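Below is one structure, written out as structure tokens, with a few remarks after it.
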Amino acid sequence: MFKEEKNNGEYLLLAAVALVALMMRAYGADFGLPLHYHIDEERVMNRVIRMVTTGDLNPHFFHYPSFIFYFLSALVASYYFVHYLPFALGALLEGGSLSLSAFKEAFVADEAVLYLLGRLSMAIVGVLTVVLLFFLVRRLLDRRAALFASAALALSPLHVVESHYIKQEILMTFFMFLALFIAVRGVKTSPARTSLGVGAAAGIAASVKYNGILGFAVVPLLFRKNGKLSLSSFFGMGPLLAAAAAVAAFLLFSPFILFDFGQFSTDFAFEMSHVSVKGHHGFDLNGDGLVYHRFLYQLLAALPFSMGLPLYFMSLAGVAIAVWRKENSFLWILYFGVPYFVITAMMKVVFLRYYMPITVILCITAGYGLSVLTYRKGKAGKLAWFLAAAVLLHTAAFTWSLERHMPRGRATLDEGLEWILENVPEGSRVAVTHFTPPLSGDVYELVNLRPHQFTRDWLRKESPDCLVISSLITVGFERGGVGVEEGKAFLDDLRAGQLGYRRAAFYQKDFMNRNFFARVDPTLTETFMPGIEIILKEGGP
């Protein structure tokens with residue numbers, strides 16, 4: 001792209017970026033511990049703990065593939081055996097006998113440490129993605145673009161906050177971009193070896209989450225002839241070799257898809273129906289309003305929030321500059337990103353984390369745009385450096401405004417829990433939604449409240465003393481759409497005191513541009529730190 005400048009300090013700068021990335025991702029990693037976890041984290045860690053303590057390697061769960069179970073099982077098992085040594089030594093010194101079952105009970109009882117290990121492993125993978133992005137962009141473009149892109153990803157809100165959770169997207173994104181890096185690095189060396197590497201990385205990405213296989217989309221570019229794609233680029237021996245490597249890698253880390261095929265078929269069919277047909281109540285693209293149309297929601301709501309407005313606009317400017325300059329290197333990015341964007345945008349469910357690989361690509365285009373601008377001479381170049389600093393500073397501030405609520409004692413769930421324990425008597429009948437404070441069934445009589453149960457008939461039948469409601473559930477009513485009209489009317493009447501209840505407490509966290517994003521899509525404002533609403537029966541506690 002440009003003539004490379006001699007820059008002996010680039011690795012020092014990269015180390016600084018990586019350190020910032022680690023600090024942003026490790027900060028608050030213990031949020032909620034030891035009381036509560038994200039519901040998706042429990043789905044993973046409950047199976048990991050069972051696999052390690054029982055030795056049963058079959059996860060018996062295939063709504064997503066198995067790599068994350070084995071990855072975390074290896075981590076937990078290592079901690080398990082290291083932790084067992086002093087336990088066994090202490091038992092022997094005290095004259096007792098070794099008891100593996102007693103150790104298992106103590107080990108499982110300390111599960112908060114295991115969750116923290118899992119979260120920190122996601123944080124480290126997030127940092128590795130930042131480093132990987134630097135080397136990828138440096139090979140595709142130049143050092144300056146690489147540093148800007150890696151700095152943008154280090155600070156990017158979606159990538160930072162999701163690196164705090166034990167979920168699939170951070171791992172999947174790393175392996176998808178590893179496939180792209182192997183392709184870009186090896187295209188001029190050994191096509192056979194490169195195709196095996198790309199296939200293996202894409203297969204592992206698919207073994208983390210099924211749509212990770214879209215990292216395979218770059219394979220045809222490895223087999224262009226005279227710079228042009230041909231039929232053999234897609235169906236020749238090279239692509240077949242890469243496909244074989246992808247299948248082998250996928251099955252290596254998800255073997256029980258074959259050995260427990262019946263369960264896999266059931267779970268996979270449910271998941272496909274869930275994301276593409278049935279949807280997720282209140283979080284679907286329903287066409288009500290311009291922003292909720294497919295291919296527009298991503299561009300007008302999800303991606304701007306996932307990156308922050310200045311970085312997002314800079315990424316779009318980078319795309320425009322690349323098109324104007326006819327930047328050939330962007331063919332790799334287009335071939336990699338467009339299939340993922342199109343397929344994901346066609347889904348009915350619109351959780352932000354699904355767009356993680358797209359935000360990384362947009363960090364690349366933002367880095368490219370900033371690099372082009374800062375190569376200008378004179379006042380224009382100085383102004384470009386000021387723009388680059390302003391974009392990165394705003395991104396850091398926006399991310400921090402979301403992340404600062406995560407440490408223990410400051411989250412909405414912790415504040416709501418404290419209020420309930422102080423103000424709601426033991427033995428009260430309490431209705432709870434998902435993503436609400438963790439209440440004990442030994443202290444309260446708990447009743448589950450699901451979105452479809454927000455009706456007068458349900459309230460009359462169950463007659464709870466207290467309702468604890470997460471805004472992440474009820475925000476679907478605010479968006480409108482099919483099937484939620486009754487729930488919205490019920491919630492409005494409940495809040496207005498027309499049903500014999502009153503709102504007693506409400507906990508919500510603020511962040512930069514909250515009001516703006518609430519107008520774009522209220523779901524965005526509850527994604528990472530949902531509000532907690534506590535409603536009491538009149539004349540009750």
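Miscellaneous remarks
- When Tyr84, Tyr70, Tyr27, Tyr37 are checked against the criterion of being under 23 Å from Glu169 (Cβ atoms), touching a helix residue (DSSP H, G or I) at 6+ places or on another chain (Cβ under 8 Å) and at pLDDT below 85, a single residue qualifies: Tyr37.
- Scanning region 335-354 for residues that are crowded, with 23+ Cβ neighbours inside 10 Å and within 16 Å of the chain's Cα centre (by Cα) yields one hit, Val350.
- Any hit, region 230-244, residues being buried (at least 24 other Cβ atoms within 10 Å of the Cβ) and in contact (Cβ under 8 Å) with a residue 24 or more places away in the chain: yes
- Close pairs from region 204-227: first surrounded by fewer than 20 Cβ atoms within 10 Å (Cβ to Cβ), partner charged (D, E, K, R), Cβ under 9 Å, at least 6 apart: none
- Restricting region 106-165 to residues that are of a type in the set (D, E, K, R) and under 14 Å from the mean Cα position of the chain (by Cα), the residue that is nearest to Thr527 (Cα to Cα): Glu162
- Residue check, Ser273 surrounded by fewer than 14 Cβ atoms within 10 Å (Cβ to Cβ) and among the hydroxyl-bearing types (Ser, Thr, Tyr): yes
- Scanning region 267-303 for residues that are in a helix (DSSP H, G or I) and within 16 Å of Thr527 (Cα to Cα) gives Tyr297, Gln298, Ala301, Ala302, Leu303.
- Asp492, sole failed condition from (1) over 20 Å from Thr525 (Cβ atoms); (2) surrounded by fewer than 17 Cβ atoms within 10 Å (Cβ to Cβ); (3) not hydrophobic (A, V, I, L, M, F, W, C): (1)
- Any chance Pro425 is assigned by TED's automatic domain parsing to the domain that holds Leu494 and under 26 Å from the mean Cα position of the chain (by Cα): no
- Of the residues making up region 368-411, those that are modelled with pLDDT under 90, assigned to a helix (DSSP H, G or I) and touching a helix residue (DSSP H, G or I) at 6+ places or on another chain (Cβ under 9 Å) are Ala380, Gly381.
- Unmet criterion (only one of (1) under 30 Å from Asp267 (Cβ atoms); (2) modelled with pLDDT under 95) for Ala202: (2)
- Extreme residue, farthest from Val475 (Cα to Cα), among residues of region 254-310 that are of a type in the set (Ser, Thr, Tyr) and in contact with a Lys or Arg (Cβ under 8 Å, 6 or more places away or on another chain): Ser276
The values are calculated or read from the model by the stated rules, or taken from the named source; none is laboratory data. Worth saying up front: this structure is predicted, and the values here are computed from it rather than measured. Glycine also receives a Cβ, built like all others from the backbone with ideal geometry; neighbour counts cover every protein chain displayed.
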